[in-house]
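Notes to accompany the following structure.
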Amino acid sequence: MLRGSAARHAFSIALLSAAISTAAVPVPQTYFGHPIGADRQLLDWDKVVSYFQALARSSDKIRVAEYGRSAEGRPMIVATIASPETLRNLDRYREIQRRLADPRITSRTQAEPLFKEGKNIVLLTCSIHATEVASTHSAVEFAYRLITENNPRFQEILNNTILLLVPSLNPDGLDIVTRWYRSTLGTKFEGTSPPELYQKYVGHDNNRDWYIFSQPETRATVSQLHNVWHPEIVYDVHQQGAYASRMFIPPWLDPAEPNIDPILMQEMNAVGTSMAADLTAAGKTGIAIHAAYDFWSPSRHYQAFHAGLRILTESASASLATPLVVTPDQIDQDALGYKPREKSWNYLQPWLSGVWRLRDIIDYQEAAFDSLLHYAAVNREDMLRKFYQIGADQVGRASPAAIVIPKDQRDPGAARRMLQTLAFGDVEISRDDTGDTVIPMRQPYSGYAKSLLERQQYPNLLLYPGGPPQRPYDVTAHTLPLLFGVDVKFVDQTLLQKTSAADLRDPPPRASYSASDTDAWQAANRWWSSGINVWRSDAGDFANRAQPGWHEVRRPRIGLYKSWNADIDEGWTRWLLEQFGFAYTSLRNADIQAGNLSAHFDAIVFPDETPNAIENGRAPGSMPPEYTGGLGSKGAEALREFARTGGVLIFLNRASDYAIGALGLRAKNAVAGVPPQEFYCPGSLLNVTLDLRDPLTRGLPQDIAVWSEASPAWNADADGGIAKYPDSGVLASGWLLGEKRIAGKTALIHEKYGAGNVVLFGMRPQYRAQSYLTFKLFFNALLL
Ligand SMILES: [Zn+2]
């Protein structure tokens, strides 16, 4: 009796604890107070974080860690999901990945047992673009299902893979969009995008940051997840427009960047096609493959240069969480690579109309998560072998043998920053006996270094023979030596010099700097902020004490125009000014229209925006009235007065065309209205020759490359032209169609206006935080 009771008691405790641990896993609907994906419901980041923490407390299949902070200080979290057995031995699996990632330290014989023992590492990242709201919801619900549904398929996934699930790569943006959405619910603006950037500095360009690593979210993800775990697969979840396919899945379109390993490309084709088959089998229609998205710029895919597959899906969007009714006539006639109204081999079941809601997007995404993870689980050992082989191919590269960065550089600050950036991307950097810096190609990520250090030759892709160019998905050049103004040499001979690890630390501050040294600008701002006076020579050198013949320069009072268009280039400009220590004030339309600008500012900067966006802003009725309108005639008059009375007006790229109209300048844009068949430059580096007599060019060499992207080019005899395209050989890196349209034309104008100055940039001198060479043109303009 006693014995029986004790036995029953023990049994019931075992049952009870099993029951508790299952019952304690919080159900999303209960936790969030509504079903996931319900119409007109979005999530808050703090609640998402606490939900994942609650999952980790209630299940031994998931661990949750904060791995960094966002630009506005929100926690970034990763959930590690695998079988309890795997989670208990995470250090061992991380060590296996480290060994397989570097064939120099692991022979094939040593690798063999690791292929059997290791797990397939899948990093799944959600909602980097915050208006693409669905995937954070999918992450919440899928994590819950994966750890609670005891089916054989999920068991196989948990046993064979380690899922690193990042529910949002952009938690600031998540809250910005949720807040805006709630504030517009029930109004005619419900479902619109917020009138501010959804990442503090770079908005949508946050997925163009993956080799320059400017933002804290990118830096944390690369340094704490990619470079620690070396995932075999990184699946980045996005949304696209509402009126074509329901979901895009790789294969990608041409071109593929030539340094990406062909094994990796083939595996992406295989995984993507397998996912498309699974979604089709699950009854999901409107699946497009081999469409719309190419595989060129490393700014969007770090992992593909680090032996990891990049899987992208792009789901059709609803109006944030508001259902969208799509009628047949709204479906696009044409898309890149397929016709959304017609069947084709890569679009077998067109989706032609219906109600499309957040819940639909989540259903497709969870089916895609499931499919990808199951593929990773079933093909675990095979994928680990190929991962190792990709590394072996990189290490075995025959040519070049090395890339050398000679020690004597015109701009030592920019050279150091370029190398720091490469080192952050896991490139090993050495220094030889002569003091030159050497990047040997016998290393696992040699293709990554080579891609970023060589000139790009983007293929001449037309939509059809004689037709317009096929638009690249992003830009076409990423040549860091041209952007940074650094000399490099590709060498093929075996290196005989002894090498040691290069020291890339920042040097201690000095009392004076050459005009050509990027470091000078941070030093000057540091001195100004500490109340130290700053002197400059005619050549543009800086010092913190008086020198014969030099003149004192005051810290510029900078105004930065900020429209209601959530302009990404405005964010990049703000970021750049802050990085270099400049003080600035953001100016809204009303601030400029109020006039008397000379009393407060020495220079006013207009980031890249169209003339119409600056002059008229958002149309009345398209947004709540406080976010509509532009500078109008009152703003233009205030700018004219500012320049007449001695101010400096600086216009970047397309904003220059606004200036020509508003200020009545004589310059004419030679490429305005020219069709793309005749002139096309979708983000490339172009050669120009500078007029070194102009103070804007202080510290620069005569021949440089500038970033051109929808950029104006002015008539050769324009007043104040100081950067000229050559008569031939205009392209330095990337893609350019119709060079004769701009050959001999002007890319930079500096002219007097009353007592002041106007500077027009026919380029993006502060391009995505990486054009260090032309930063100096921009900074010099601030000090005119
Ligand atoms: Zn996106």
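Each reported figure results from applying straightforward, stated rules to the coordinates on display, with no laboratory input. Values in this document were obtained by computation on a predicted structure and should not be read as measured data. Backbone-built Cβ (ideal geometry, glycine too); neighbour counts: all protein chains shown.
The long axis of helix 171-184 is offset from the longest Cα principal axis of the chain by roughly 90 degrees. Karplus-derived 3J(HN,Hα) values for the range 199-211, using 6.51 cos²θ - 1.76 cosθ + 1.60 with θ = phi - 60°, are 9, 3, 10, 10, x, 5, 6, 5, 9, 10, 10, 8, 10 Hz; glycine and proline are entered as x. Taking a ≥ b ≥ c as the square roots of the eigenvalues of the Cα gyration tensor, the chain is classed as prolate, since a/c reaches at least 1.5 and a/b is larger than b/c. Once Lys and Arg get +1 and Asp and Glu get -1 on their Cβ, which of Ser514, Ala501, Pro465 lies farthest toward the positive end of the dipole of the range 444-521? My answer, from the dipole projection, is Pro465. Taken over the range 59-195, the alpha-carbon convex hull comes to 144 cubic angstrom per residue. Seen against the Cα atoms of the chain and their longest principal axis, helix 380-395 is set at about 30 degrees. The string of couplings for the range 497-509 from the Karplus curve (6.51, -1.76, 1.60, θ = phi - 60°) is 5, 6, 10, 9, 4, 6, 9, 9, 5, 5, x, x, x Hz, one whole number per residue in order, with x for Gly and Pro. Roughly speaking, what % of Cα-Cα pairs in the range 110-187 are separated by over 19 Å, rounded to a whole number? Result for the distance tail: 53 percent.
Are there trypsin sites (Lys or Arg not before Pro) in the range 557-633 that DSSP marks as loop and that have at most 16 other Cβ atoms within 10 Å, and which are they? Passing both the DSSP loop test and the Cβ count: Arg588.
Here the 3J(HN,Hα) profile of the range 670-678, calculated from phi with Karplus coefficients 6.51, -1.76 and 1.60 at θ = phi - 60°, is 6, 10, 5, x, 6, x, x, 4, 9 Hz, Gly and Pro shown as x. Take each peptide in 105-117, 88-100, 383-395, count the other Cβ atoms within 10 Å of every residue, and average; sorted highest first, the result is 383-395, 88-100, 105-117. The angle between the Cα long axis of helix 412-424 and the main principal axis of the chain comes to about 10°, on a 0 to 90 degree scale.
Its DSSP H runs of at least 4 residues, each contributing -39,500 (n - 2.57), put the calculated 222 nm mean residue ellipticity of the chain at -10000 deg cm²/dmol, to the nearest 500. Direction-averaged projected area, Cα convex hull, the range 341-423: 12.2 nm², rounded to one decimal. In a DSSP loop and with at most 16 other Cβ atoms within 10 Å, the trypsin sites (Lys or Arg not before Pro) in the range 655-723 are Arg666, Lys668, Arg693.
The alpha carbon centroids of the range 417-467 and the range 651-717 are separated by 27 Å.
Taken along its principal axes, the alpha carbon cloud of the range 523-650 reaches lengths of 59, 30, 23 Å, longest axis first. Peptide packing: for 529-538, 760-769, 466-475, the average count of neighbouring Cβ atoms within 10 Å per residue gives the ranking 760-769, 466-475, 529-538, highest mean first. For the range 136-245, GluC sites (Glu not before Pro) meeting the loop criterion (DSSP other than H, G, I, E, B) and having at most 12 other Cβ atoms within 10 Å: Glu149.
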